[in-house]
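First comes the structure, then the notes that go with it.
What follows is calculated from the coordinates using simple rules that are stated; it is not laboratory data. As the structure is a computational prediction, the values presented were derived from the model and not from experiment. Don't worry about glycine lacking a Cβ; one is built from the backbone with ideal geometry, like all the others, and counts go over all protein chains shown.
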Amino acid sequence: MANQNRNQNKNPNSNGNTTPHEEDFNLTETRPSLGGGRISGNDRFGTAFDLVEQMNYLYVRVLKAKELPGSPDPFVEIKLGGFKAATRNFEKTSVPEWNQVFSVLKDRIQAPVIEISVKDKAKSGNNGLIGMIVVDAIDVPRRVPPDSPLAPEWYRLENVKGERVAGELMFAVWMGTQADEAFSEAWHLDATSVNGDGVASIRSKVYLSPRLWYLRVNVIEAQELQLGDKNRQQPEILVRATLGNMILRTKISQSKNVNPLWNEDLMFTVAEPFEEQLRMDFKPPISRWYNLQKHTVSENGQRNVSGLNSRVHLRISLDGGYHVLDELTHYSSDLRATARQLWKPSIGVLELGILNAQNLTAMKTKDGRGFTDAYCVAKYGQKWIRTRTILSSFDPKWNEQYTWEVFDPCTVITIGVFDNCQLQGGKGAGKDSRIGKVRIRLSTLETNRVYTHLYPLIVLSPSGVKKMGEIQLAVRFSCASLLNMLTMYCQPLLPNIHYLHPLSCHQIEILRHQATQIVSTRLSRAEPPLRKEVVEYMLDVGSNMWSVRRSKANHYRIARIMSVVVKLIKWFDQICTWNNPLITVLVHVLFLAFVCFPWMLLSTVFLYLFLIGTWNYRLRPRHPPHMDVRLSQADTAQNDELDEEFDTFPTSQKQIDVVKMRYDRLRAIGSRVQTVLGDLATQGERFYNLLTWRDPRATALFLIFCLIASVVLYITPPNVVVIVMGFYAMRHPRFRDRLPSPPMNFLRRLPAKTDSLL
């Protein structure tokens, strides 16, 4: 990697006065050698691995053996200098088949020959050697995909003196790169110290999260309930629904009798398969009456089920028209409905090259020495990827490239770095430690441009904010049709049913929690498992909880937006006090002109906005947004504030029950206030970003609109404009659409500083 030409990207909030402490958290542009050669911001490569640095590997594929003497327990041992690895062994056979691949990085080869030995596990020492083959590492042929795999050959076995012995071994040896299809299944010789269940956890894998649906249970009413306490005049009756470990309850019925009414929805998040119950239209499903049963347990422990004359009226449906909120809305990576029938064609491709990390912090210690076994996880849409684990390195090099289909540009890809704590296997292994993560919003990227940057890995803990290292990424967002992507900006952000049948904030929080639990449980059962703590960190679980630090951050975001209004008021005050007579006279002339020619007012405003946006083009952001510790108020947070932020919910630090209840209630209310403040700040930042070219396509569309509006309003009489606006605002409800308007859809798709919040 070539990092000599790094260009520091100054913190936009630092006003040019950046301290050395703040410099550590800055984004750094790099110029690595990608795809086998140097790459610039707009270069393109035709190879499949053009966003990573080429790494050369020596591969050895051991297939099978034949005609081995006797009935041994054969296995093959590969030895290359100080590296040694072995295949699995078979019992009592002379024709074993292994079909295993071994690899080692070319730069780590320190021996001129490769020793491939066939041994008998039932014997020890030199007596266990059946035969061996020595291959010169210098004369190994090179294979470049898409060439076909190298054909294995039969080799006769020899003893340590080079004499021919009974038996033959089929294997192939070649030099390739990480683009080789054998790379994913290869056992790396420098990772042979890992044993047990940890073996599977060091390889790269691709995961697919389950498709999630909303299960809606509409509890309507019940009839002829049999109460346990028959003397009770006003019973308080509710319905409890259980699905797995999820329990929901209705409110207490206002009908204080044995025929209660509710008409309340209980919604669950469930995973496939539920295809036979799919409801594609928005018509209410048919309701049914269900007879109630009473479950009792006898003295001997036997369960008894008896029927009752009572029944309950329910309407149950499984809906795939919603987008299941399995992550925070601000950082969503997939805005499509669950049902595939509602999906639209993809608009482009996202390519991510995970190159390397630098200066990672030691996460574990052994024999007084600190070390880190780092791996990366990236999530976009349903597809999760996990790189291989690089053992005992503070500067790991992965150089792995992955691709995703893109259906909406206003989405976010999240990349996290973790320390693998499962390599020794067993139940005593701890949780994988978080090193940091990066979020990249696709709409902030120029199409077909390769972005190569070092992103700081920042972690916030009760002791404060800390930089854990840096990760180097290469990102490219390509679109097949610019017109198709631009039309997305005027379409609703979420599927239509979110606006036709909106969910309450309380329902959204419950469903999001359920979805997170389902995804983390499913991925933790994969092999190798993507652990629960990793999934929750990637999905920002708990980030909406009350925090003084986040509230301060949102307060300053709002203050920054409102400062524009304050500046306008101060500017008008200076006009009124004649601080600058020339400017004041000019304003008087403009004011007189607008009074005499009012039809020019709106035209001039749009023209002025167009000129400002055009002027700001040269100041447009050149780099993606990144974690900003100053914006997040992480560098100034007090210890007591961080202690409150990392406290569990409910709190574990208060002993008095009353104080605990009040404290938890305050935090619950505070989290909602914090969310409202964040939403207000987000809307203001979206208006501000109309002219900043943060999203170049959105700014271009807005400027084109301003130019057209300026011309149209200039040639159109003002009374016509007022009449059209008035009649449109007072139009009949039958001409109104319940879906959001195109301007509102456009505004919701604009980026904000939420991507830079910790």
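Per-residue 3J(HN,Hα) values for the range 554-565, derived from phi via the Karplus relation 6.51 cos²θ - 1.76 cosθ + 1.60 with θ = phi - 60°, read 5, 4, 5, 5, 5, 4, 5, 5, 5, 4, 5, 5 Hz in sequence order (x marks Gly and Pro).
So what is the relative contact order of the chain, in percent, for Cα pairs below 8 Å that sit 6 or more residues apart? This gives 12 percent for the chain. The label-point distance for S33 and D640, in a model that sets each label 7 Å from Cα toward Cβ, rounds to 5.7 nm. Longer than 21 Å from Cα to Cα, which of K205/K344; K344/K437; K366/K431; K79/K119; K205/K532; K205/K366 are they? Say none if no pair is. The answer is K205/K344; K344/K437; K205/K366.
Looking at the chain, the DSSP beta bridges with both ends there are about 95 percent antiparallel. Placing unit charges on the Cβ atoms only, positive for Lys and Arg and negative for Asp and Glu, gives the range 548-756 a dipole magnitude near 560 debye about its Cα centre. What the phi angles of the range 743-758 give under the Karplus curve with 6.51, -1.76 and 1.60, with θ = phi - 60°, is a coupling list of x, 5, 4, 5, 5, 5, 8, 6, x, 9, 7, 4, 5, 9, 8, 7 Hz, glycine and proline written as x. Oblate is the label for the range 212-319, because a/c, from the alpha-carbon gyration tensor with a ≥ b ≥ c as root eigenvalues, is 1.5 or above and a/b does not exceed b/c. Potential lengthening of the chain between F705 and F597 amounts to 36.6 nm, from the contour at 0.36 nm per residue minus the alpha-carbon distance. What FRET efficiency would be calculated for the residue pair D395, A200, taking the C-beta separation as r and a Förster radius of 35 Å, to the nearest 0.05? Once the sixth-power term is evaluated, E becomes 0.90. Please work out the FRET efficiency for the pair Y608 and E181, using the Cβ-Cβ distance as r and a Förster radius of 51 Å; give the result to the nearest 0.05. FRET efficiency, Y608 to E181: 0.30. Note on Y688 and N309: the model spin-label points, each 7 Å out from Cα along the C-beta direction, lie 6.9 nm apart. Label positions at K251 and T365, each projected 7 Å from the Cα along the C-beta direction, are separated by 5.7 nm.
Remind me, relative contact order of the range 212-319 in percent, using alpha carbon pairs under 8 angstrom and six or more residues apart?
Reported as a whole number, the value is 39 percent.
One decimal place: the segment D679-E236 gains 155.6 nm when fully extended, by the rule 0.36 nm per residue minus the C-alpha distance. Of the trypsin sites (Lys or Arg not before Pro) in the range 498-598, the ones in a loop by DSSP (not H, G, I, E or B) with at most 14 other beta carbons within 10 Å are R525. Overall, the chain carries a charge dipole of about 1620 debye about its Cα centre when +1 sits on the Cβ of Lys and Arg and -1 on the Cβ of Asp and Glu, all other atoms neutral.
Helix 581-596 axis versus longest C-alpha principal axis of the chain: approximately 70°, rounded to the nearest ten.
Exposed loop positions in the chain were taken to be GluC sites (Glu not before Pro) whose DSSP state is not H, G, I, E or B and which have at most 13 other beta-carbon atoms within 10 angstrom. Between these positions, the longest stretch is 300-758. Between F727 and E405, what is the FRET efficiency for a Förster distance of 41 Å, r being their Cβ-Cβ separation, to the nearest 0.05? Efficiency, from the Cβ-Cβ distance: 0.40.
Placing unit charges on the Cβ atoms of the charged side chains and taking the dipole of the chain about its Cα centre, the candidate lying farthest along the positive direction among L609, S520, G348 is L609. When you count the other C-beta atoms within 10 angstrom of each residue and take the mean per peptide, 55-66, 497-508 line up highest first as 55-66, 497-508. Taking the C-alpha atoms only, the angle from helix 718-729 to the longest principal axis of the chain is near 70 degrees. Using the average count of surrounding beta-carbon atoms within 10 Å as a protection proxy, the listed peptides 127-136, 579-588, 374-383 rank, highest first, as 374-383, 127-136, 579-588. Less than 5 angstrom separates the built amide H of W546 from those of S671, all sequence-distant by 5 or more or on a different chain. Compactness ratio for the range 548-756: Cα radius of gyration over 2.2 N^0.38 Å (N = residue count) comes to 1.39. For the range 356-370, backbone nitrogen atoms closer than 14 Å to the point 7 Å from S463 Cα along Cα-to-C-beta are found at 361-365.
Toward the positive end of the charge dipole of the range 212-319, with +1 on the Cβ of Lys and Arg and -1 on the Cβ of Asp and Glu, the farthest Cα among P285, V239, Q226 is that of Q226.
Estimated at 0.36 nm per residue, the fully extended path between R108 and D265 surpasses their Cα-Cα distance by 50.3 nm. Each residue in D419, D664, D373 was given a count of other beta-carbon atoms within 10 angstrom of its own, and listing them fewest first yields D664, D419, D373. Note on the chain: dipole from Cβ charges, positive end direction compared against I508, T361, I202; the farthest Cα belongs to I508. Close amide H partners of L261, meaning residues 5 or more places away or on another chain with modelled amide H under 5 Å apart, are Q254, S255.
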